[in-house]
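Note sheet for the following structure.
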Amino acid sequence: MRDKRFVAAHRGGQLSKEHHHLLIAWAYACVTHVLPLLEKSEIDDRLSNALKSAKAWEQDKISVGEARNSSLEAIAVANENSNPVSIAVARSIGHAVATAHMADHSLRAAEYALKAVKLSGKSVETERKWQDKQLPPDIKDLVLSARHEKPDKKNN
């Protein structure tokens with residue numbers, strides 16, 4: 001069941017457009033922070049396009065449908081891959097841009113970024129702290145409470 005606090009106001013929920021944009025910006029930051037875990041040759045055009053779509057939606061330059069399609073392309077990259085780190089990064093990108101469609105995807109983007117960090121042998125705790133520091137004050141309580149209400153089983 002989805003956390004109703006992440007439902008956009010225009011869909012009858014509590015989430016303002018401004019907060020929705022802050023969530024996609026935060027998800028984008030989480031993803032771009034782990035991009036260096038990929039080799040340059042692993043950054044497929046579909047992943048680059050998905051990242052551009054996330055920024056474009058944040059700036060009201062593309063529709064939710066366009067962002068969603070870019071998200072599906074990033075997930076396709078993950079499904080075609082065999083490298084666990086690359087898969088996690090691609091899924092993180094897919095969820096970041098899917099935040100345009102459903103805001104709680106921002107949480108999954110952060111989780112997959114943490115998974116990529118863990119799979120690469122780096123500190124999940126350090127990365128989580130970095131992610132938390134990137135949270136704008138307007139959405140910090142929302143994200144942290146959602147994270148605590150649904151324990152992260154994948155990355156511990």
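Only the coordinates and a few stated rules stand behind these numbers; no lab work does. Keep in mind that this is a model prediction, so the values were computed, not measured. Heads up, the Cβs are rebuilt from the backbone with ideal geometry, glycines too, and the neighbour counts pull from every protein chain shown.
Here is the P(r) of the range 37-138: all C-alpha pair distances, binned every 5 Å from 0, give 3, 15, 22, 24, 19, 13, 4, 0 in whole percents.
Taken about its Cα centre, the chain carries a charge dipole of about 340 debye when Lys and Arg each add +1 at the Cβ and Asp and Glu each add -1 at the Cβ. Taken over the range 91-132, the alpha-carbon convex hull comes to 53 cubic angstrom per residue.
Calculated on the alpha-carbon coordinates, the convex hull of the range 1-61 measures out at 110 cubic angstrom per residue. The range 58-80 and the range 88-128 have Cα centres spaced 15 Å apart.
Counting only whole DSSP H helices of the chain, the ones at least 18 Å long by C-alpha along their axis and with mean Kyte-Doolittle hydropathy no lower than 0.5 are 84-98. The sum of -39500 (n - 2.57) across all DSSP H runs of n ≥ 4, divided by the residue count of the chain, sets its helix-only mean residue ellipticity at 222 nm to -21500 deg cm²/dmol.
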